[in-house]
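The structure appears below as structure tokens.
The values are calculated or read from the model by the stated rules, or taken from the named source; none is laboratory data. Since the structure is predicted, the reported quantities are computational estimates derived from the model, not experimental observations. So basically every Cβ, Gly included, is an ideal-geometry build from the backbone, and we count neighbours across all protein chains shown.
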Amino acid sequence: MAIYPPERIWWKPLGREERLWVTVAALWCFFMFFMLIGWYFLGAQNLPTRAQRITTAQYKSLADQFVEANKVGEENGVPIVHPQPGTDIYLVAKQWQWTPILELENNKTYTLHVSSLDVQHGLSIQPINLNLQIFPGYDYMITITPNKAGNYSLWCNEFCSIGHHLMTGKIVVK
Amino acid sequence: MAAIALPNTFSGTRSVFRVCPVTTFKVDLAAERLIIVNAVTAIVALLLGGIYALLIGLTRWPDVHLLSAPWFYRLLTAHGMNMLVFWMVFFEVAGLYFGGNALLNARLVGVKLAWVAYALMLGGAILVNVIIMMGRADVMFSAYPPLKADPLFYVGYILFAVGAILACCIFLATLVMAKVEGRYEGSMPLAVFGLLTAAIIALFTLLSGAVALIPTLLWSLGIGNVDPGAYRVTFWGFGHSAQQVNLSAMIAIWYTLATLTVGAKPVNEKLSRFAFFLYILFINLGSMHHLLTDPGLGTAAKFFNTSYAMYLAVLGSLIHAFSIPAAIETAMRKKGYNKGLFGWLLNAPWKEPGFSALMFSLFIFGFIGGPTGVVLGAGQLSLLAHNTWRITGHFHATVVGGTTLAFMGFAYYVLPLVFRRPLFAKKIAQWQPWVYGIGLIILSISMTLAGTLGAPRRHWDVTFSNVTIPVQVQPLMNLMLTFSGIGAVIAATGGAMFIIVAVGSLLFSPKRDPKALSPLEA
Amino acid sequence: MDNKHSGPETPGTVVLTFLLLLWIGFLYFGNWITLSQAWGIR
Ligand code: HEM
Ligand SMILES: [Cu+2]
Ligand SMILES: [Cu+2]
């Protein structure tokens, strides 16, 4: 009875079925742990871990230079850029826009920098559903290799004040 | 009705007890009053949170889209605070006083301090609610800086946490005193052991909350700065570990309900206690899984904290997942329901609200909330789910369909005992776990599926109607959002049924034995 | 009372828990497959 003190001697050996279940459960837990490590070495998708501190002003000026150097057009006032494959590319999160619009080449690798100029945001790349938390003051460096041509939508999935639902962006893979 | 006064060993005072006619436990009247006020306050928070739940649920139903954007975000903040923090913790404090006093026949240590703890918690909760409704804290319950709220919001949060820390200390002191005064024989009951686990984790949790919120309060007053990453580490040391408090309390209640409804006895006390012990050791590290996609943390830190240690905590949960149904099955088979594999389950007392609440809670937590959590916590997989509605779907199957429903089932037993009034509207109570449980199954599954299709959490307009850069939304997402709206309405109905029964019992049921109220007459 | 061995026979629970494990495995591997289709990211 769970609500009364147990019998004096309650440390008894496990029954057969309990032993079986505990063993199977423990094996499954260890499997999941080794899966994490295995994927780290074998898988193509891993948690990005490169980041460095940066002031929002510094980040803004880096991103502005990047846009100026690679701009190829504009959509509704948001610049479109087409950077060289293999280079460092910059995405800015701010209330309430992802900017610029990035044009990337399929199967090429880029170092994507993302940082916020104000509060925290959530980078959500759709429809592949990759999601990352974005801070101000941290330059997050993410190595990406798009594997399918098409239009990718960006939206924000961290509450970033009253216009949160207005915050969108775009990546085009050609 | 007998009330007895027992002298206390260390102070000259006397505590006044009554003997519960139903359970024969000796109940300290001072503890009983605190159980009642904490439980009633919890239910008021649940009522507020539930009204907001319906309104935000109807807003996220695309064809209804009820509230304006500012009110949606405001009430979402209020929903998170009232449900996750105030309802849960007030009810848990009531549960601690019940477990530490009634179940052990013990007296409450530090009655005055317990009232101070209650006053701090109540004051904090009222302050937070008022500031949110004034529109000065539209920041969500997580309040990530540099999004800033009114300083009084953080003040309220901190007051509440301090009060809760105090309540946990009182519970621990009560346990020690019960042992010293020999109020129970041998080891403490398993349910109390589970509550002890919850209280130990709670102390760590609440301290972590204070570490997160005090610098934030200073920053909101213009003193110093808060690093967004450091805030998230300490905040989730509070926010996630609080879920482990809820988990431990829920499991303690599962064992209790299994005993009360079918007379189940833990199959192996050693194993169940070991599983609780795994929680104490390892589960705090799980808070790191909120930070997997953050910049600034290394791979090794992420993997150790989320996986290695956390999977040992998962092992603890898998053990309970076996022990509890096994205890129920054993008890039912002993009663002669031996037919086939599941005869014991089919013949169980499904009309008993305590039992159906237990089973829905076990099922929703065990088959939806738990498995989705194991998947979400797996390092790289977090990339697929972080901040999507999958997260919201996951925890509406853990803390809402699991813990809250278990608490409701427990309330059906405890409220009549402490109010000393029979349950009001038993017919409603009988159906309540079914309505609430089914609503939550629909709600959490459709939230999860919508999130799998990319639906963001905390979001007023997933049709993206007024954006500068148009985006493409997967067509099925709308359907899932509609289902979630329907689930929300059903679940909110179930929540309202609980409130009717609980409040009705207090206000409209006849008092069982008016004499028992006054200990002096005994 | 069966004091000699603490493990009573609970075949129904055994079936339920193994179903649970299958279900967790299904969700788990399904998600790994989904993730493996996404962009390379590191
Ligand atoms: C009647 C039952 C309930 C319904 C219909 C409901 C519905 C919802 C909805 C629609 C959201 C909004 C999600 C979003 O926009 O991202 C939400 C968020 C939330 N709910 Fe509930 N809920 C219910 C009960 C509860 C309970 C009992 C708890 C806690 C014990 C709870 C805790 C939360 C939390 C913590 C959030 C997240 C708030 C945030 O993202 O800041 N809910 N709920
Ligand atoms: Cu944003
Ligand atoms: Cu946002």
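Looking only at residues in segment A:165-174 that are over 26 Å from A:Q84 (Cα atoms) and in contact with a His (Cβ under 9 Å, 6 or more places away or on another chain), the one that is farthest from ligand 3 (Cβ to nearest atom) is A:H165. In the set (1) more than 17 Å from B:Q474 (Cβ to Cβ); (2) buried (at least 21 other Cβ atoms within 10 Å of the Cβ); (3) charged (D, E, K, R), A:D139 fails one condition alone, (2). Those helices (runs of 4 or more DSSP H) of segment B:290-405 in which 1 or more residues are among the hydrophobic types (A, V, I, L, M, F, W, C) and closer than 22 Å to B:P433 by Cβ occupy B:309-334, B:343-346, B:353-363, B:389-395. What about A:I162, is it within 16 Å of ligand 3 (Cβ to nearest atom) and either acidic (D, E) or touching a His at 6+ places or on another chain (Cβ under 6 Å) (or both)? No: the conditions fail for A:I162. Considering only residues in segment A:10-21 that are facing another protein chain (nearest Cβ under 7 Å) and loosely packed, with under 15 Cβ neighbours inside 10 Å, the one that is modelled with the highest pLDDT turns out to be A:R16. Here B:V467 passes the criteria (1) in contact (Cβ under 8 Å) with a residue 60 or more places away in the chain; (2) surrounded by 18 or more Cβ atoms within 10 Å (Cβ to Cβ); (3) within 16 Å of ligand 3 (Cβ to nearest atom) except the one numbered (1). I'd like the full set of residues that are β-branched (V, I, T) and farther than 12 Å from B:A249 by Cα, limited to segment B:84-98. Scanning segment B:84-98 gives a single hit, B:V85. Scanning segment B:51-73 for residues that are away from ligand 3 (no atom under 16 Å from the Cβ) and part of a helix (DSSP H, G or I) yields B:I51, B:Y52, B:A53, B:L54, B:L55, B:I56, B:G57, B:L58, B:T59, B:W71. Just to be sure, is B:I4 modelled with pLDDT of 75 or more and touching a helix residue (DSSP H, G or I) at 6+ places or on another chain (Cβ under 9 Å)? It is false that B:I4 is modelled with pLDDT of 75 or more and touching a helix residue (DSSP H, G or I) at 6+ places or on another chain (Cβ under 9 Å). Among strands (runs of 3 or more DSSP E) entirely within segment A:78-174, having at least 1 residues that are within 12 Å of ligand 2 (Cβ to nearest atom) singles out A:88-94, A:97-99, A:110-116, A:121-126, A:130-134, A:150-156, A:168-173.
One residue stands out among those in segment A:154-174 that are crowded, with 21+ Cβ neighbours inside 10 Å and within 14 Å of chain C (Cβ to nearest Cβ): the one that is nearest to ligand 1 (Cβ to nearest atom), which is A:L154. Consider B:I490 carefully, then state whether it is within 16 Å of ligand 3 (Cβ to nearest atom) and free of Cβ contacts under 8 Å to residues at least 60 places away in the same chain. When the stated conditions are applied, B:I490 does not pass them. Once segment A:107-122 is narrowed to residues that are away from ligand 1 (no atom under 16 Å from the Cβ) and among the aliphatic types (A, V, I, L, M), the residue that is farthest from the other protein chains (Cβ to nearest Cβ) is A:L117. State whether the residues of segment B:413-431 include one that is polar (S, T, N, Q) and either closer than 22 Å to B:H396 by Cβ or assigned to a loop (DSSP other than H, G, I, E, B) (or both). Checked segment B:413-431: no residue is polar (S, T, N, Q) and either closer than 22 Å to B:H396 by Cβ or assigned to a loop (DSSP other than H, G, I, E, B) (or both). Residues that are modelled with pLDDT under 95, touching a Lys or Arg at 6+ places or on another chain (Cβ under 9 Å) and more than 16 Å from ligand 2 (Cβ to nearest atom) do occur in segment B:401-417. Kindly provide the set of residues from segment B:253-266 that are within 11 Å of chain A (Cβ to nearest Cβ) and either in contact with a Gly (Cβ under 7 Å, 6 or more places away or on another chain) or aromatic (F, W, Y) (or both), ordered by number. B:W254, B:Y255, B:L257, B:L260, listed by residue number.
Of the residues A:F33, A:F41, the single one that is under 30 Å from B:T306 (Cα atoms), of a type outside the set (G, A, S), within 14 Å of chain C (Cβ to nearest Cβ) and surrounded by 15 or more Cβ atoms within 10 Å (Cβ to Cβ) is A:F33.
Per-residue answers, yes or no, for (1) aromatic (F, W, Y); (2) within 25 Å of A:H164 (Cα to Cα); (3) within 12 Å of another protein chain (Cβ to nearest Cβ); (4) more than 22 Å from the chain's Cα centre (by Cα):
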| site | (1), (2), (3), (4) |
| --- | --- |
| A:T23 | no, no, yes, yes |
| A:N46 | no, no, yes, no |
| A:S61 | no, yes, no, yes |
| A:V81 | no, yes, no, no |
| A:E105 | no, no, no, no |
